[in-house]
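Each remark here refers to the structure printed beneath this line.
The values are calculated or read from the model by the stated rules, or taken from the named source; none is laboratory data. Everything numeric in this text was worked out from a predicted model, so none of it was measured. Because the Cβ atoms are built from the backbone with ideal geometry, glycine has one as well, and the counts that use them run over all protein chains shown. Keep in mind that these areas ignore ligands, DNA and RNA; they rest on the heavy atoms of the full protein, side chains included. Shrake-Rupley method; radii C 1.70, N 1.55, O 1.52, S 1.80 Å.
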Amino acid sequence: MLPIGNLRVNLVKLVKINHFKINNMRTQVAIIGAGPAGLLLGALLHKAGIASIIIERQSRSYVLSRIRAGILEQGTVDMLHSVGAGQRLAIEGQVHHAIELVFKNQRHSIDVTGLTDGKVVTAYGQTEVTHDLMNARHAAGLATVYEARDVSIEDFDTVQPKVHYVTDGQHHELACDFIAGCDGFHGVCRSSVPKDAIQEFERIYPFGWLGVLADVPPVSPHAIVYGNHARGFSLCSMRSLTRSRYYIQCPITDKVGQWSDAAFWDELRLRLDPELAGRITTGPSIDKSIAPLRSFVAEPMRFGRLFLAGDAAHIVPPTGAKGLNLAASDVKYLSSALIDFYLEKCSAGIDGYSQRALARIWKVERFSWSLTTLMHRFPETDAFGQKMQEAELDYLVHSKAASTALAENYVGLPL
Ligand code: APR
Ligand code: PHB
């Protein structure tokens, strides 16, 4: 018997997890994917004494090498603290009380905190969130299988679902009560659901985001800056007081090799107001990449004993900084449902998970889509369309009602 969490996991055969070999094993919840959704779900379950094993396709270092967004809603911050993964966040996270909108060469501040009775967002990279959750999981002695190949799931329409995978050339079978598909947009879980049992909704945007990470002080350390310009969208963000994150909208056909650092900085400055552009500290990029933008939702999110959470079930364009936060709210709902099942012998939570999660997901999809539509230049955005965007932004920054609507979505809708 291997003590994991507050419960024990019955070993059918003594095998390896990180330091042991697994051939056949059983746990309560098999989590597919060691991204933010899988790691946070495992931590929330562990806190309630529910055992899980995470099966991850990539190596630990590969998962940590991904550069992703970095704005946390308070609900996400609170969850990280509740599972003991908030220490570094409390020290290094940068609390923001406002956002700034740039259009017609002028910058306007939206007092997000003042408009939401004191709520804030925190700038802290997703990579750091993932790192902190990985460290907390390891410290708790919980099992994560990295570099798992040929991961497949079966019998999730029965009460004895199974996960199969290969490591070190050996086939492994993991029996469990539930499978949590936290394996992202390109994962195996959603694609294992029969096509006639799932409905997908998608909007692919006709542009990409060229993102640069540079070890230079952020031009706006206390507010994320969103720019609307006839040349395209721009965004000024940060990872710390010495590391900045910038984005500019670019044609989806662009290749990152086409963009020198100098060309990026020049284009960014053209899209900002002159005062802000004049204050930007440039420097060599330590990461430069082009990401496509899409809105996507799969319904439902439960299939027998399989539950989808995070990017496995939905994608938002990064404009609203909602991807990680939406993954966190999914696993908040899912962990509560599974805790009720095990500790209260109540199935209402798992039966209602999909409907509850989707109600919030669609509201966040709407916010992310609307802000993307407002801030970006589309192929069909002609001179009149540009004027309409500028008029809407002008109304937004001068209307308390409109600014409040933006602010309450930006800090995060209630869980
Ligand atoms: N088997 C095992 N693991 C898999 C498989 C598979 N077949 N397919 C994918 N994975 C792993 C990926 O390697 C990744 O580590 O699942 C993990 C999914 O993590 P994310 O893609 O980060 O998704 P999620 O945890 O839902 O977090 C959502 O991440 O992508 C960003 O913008 C997104 O901020 C949002 C957040
Ligand atoms: C980021 O810091 O990467 C970031 C910030 C705000 C966004 C999107 C991305 O809306």
For the range 42-86, what are the residues that are basic (K, R), over 27 Å from S368 (Cα atoms) and either without any contact (Cβ under 8 Å) to a residue 12 or more places away in the chain or within 12 Å of ligand 1 (Cβ to nearest atom) (or both)?
-> R57, R60
Qualifying residues in the range 120-132 (those that are within 16 Å of ligand 2 (Cβ to nearest atom) and touching a Lys or Arg at 6+ places or on another chain (Cβ under 6 Å)) - the one nearest to L40 (Cα to Cα) | Q126
How do the pairs read when you match residues in the range 301-314 that are closer than 17 Å to E154 by Cα with residues anywhere that are part of a strand (DSSP E or B) and open to solvent by 10 Å² or more (accessible area, probe 1.4 Å), using Cβ under 7 Å and keeping only pairs 6 or more apart or on different chains?
-> L306/I153
Which numbered condition trips up P318, out of (1) more than 15 Å from ligand 2 (Cβ to nearest atom); (2) open to solvent by 10 Å² or more (accessible area, probe 1.4 Å)?
-> (1)
Residues D340, D330: which one is without any contact (Cβ under 8 Å) to a residue 12 or more places away in the chain, outside any loop (DSSP other than H, G, I, E, B) and under 17 Å from L44 (Cα atoms)?
-> D340
Output the helices (runs of 4 or more DSSP H) that fall wholly within the range 27-140 and possess 3 or more residues being under 30 Å from K400 (Cβ atoms), or say none.
-> 74-82, 112-115
Can you find even one residue in the range 343-358 that is under 16 Å from G181 (Cβ atoms), out of contact with any Leu (no Cβ under 8 Å at 6 or more places or on another chain) and surrounded by fewer than 24 Cβ atoms within 10 Å (Cβ to Cβ)?
-> yes
Would it be correct to say that R26 is open to solvent by 50 Å² or more (accessible area, probe 1.4 Å) and within 16 Å of ligand 1 (Cβ to nearest atom)?
-> no
Among the candidates D111, D117, which residue alone is more than 12 Å from ligand 2 (Cβ to nearest atom), under 25 Å from T372 (Cβ atoms) and acidic (D, E)?
-> D111
For the range 380-398, pairs from a residue that is touching a residue at least 60 places away in the same chain (Cβ under 8 Å) to a residue that is open to solvent by 50 Å² or more (accessible area, probe 1.4 Å), with Cβ under 6 Å and 6 or more apart or across chains, are Q386/A230; E390/K104
Residues located in the range 231-251, provided they are among the aliphatic types (A, V, I, L, M) and modelled with pLDDT of 95 or more = L235, I248
Is it the case that H171 is open to solvent by 70 Å² or more (accessible area, probe 1.4 Å), part of a helix (DSSP H, G or I) and either within 28 Å of Y410 (Cβ to Cβ) or more than 16 Å from ligand 2 (Cβ to nearest atom) (or both)?
-> no
Being within 16 Å of ligand 1 (Cβ to nearest atom) and open to solvent by 20 Å² or more (accessible area, probe 1.4 Å), is that true of even one residue in the range 369-380?
-> yes
Restricting attention to the range 49-65, does a residue exist that is under 17 Å from V163 (Cβ atoms), at pLDDT below 95, out of contact with any Pro (no Cβ under 9 Å at 6 or more places or on another chain) and crowded, with 21+ Cβ neighbours inside 10 Å?
-> no
From the list L358, L413, which one is more than 17 Å from V225 (Cα to Cα), of a type in the set (A, V, I, L, M) and assigned to a loop (DSSP other than H, G, I, E, B)?
-> L413
Check whether at least one residue in the range 299-310 is within 16 Å of ligand 2 (Cβ to nearest atom) and of a type outside the set (S, T, Y), and report yes or no.
-> no
Flag for R149 being touching a helix residue (DSSP H, G or I) at 6+ places or on another chain (Cβ under 6 Å), open to solvent by 50 Å² or more (accessible area, probe 1.4 Å), at pLDDT 95 or above and not acidic (D, E) | no
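The rows are residues; the columns are (1) open to solvent by less than 20 Å² (accessible area, probe 1.4 Å); (2) within 16 Å of ligand 1 (Cβ to nearest atom).
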{"residue": "Y226", "(1), (2)": "yes, no"}
{"residue": "M238", "(1), (2)": "yes, no"}
{"residue": "Y247", "(1), (2)": "no, yes"}
{"residue": "P274", "(1), (2)": "no, no"}
{"residue": "L293", "(1), (2)": "yes, yes"}
{"residue": "A298", "(1), (2)": "yes, yes"}
{"residue": "A312", "(1), (2)": "yes, yes"}
{"residue": "K322", "(1), (2)": "yes, yes"}
{"residue": "S329", "(1), (2)": "yes, yes"}
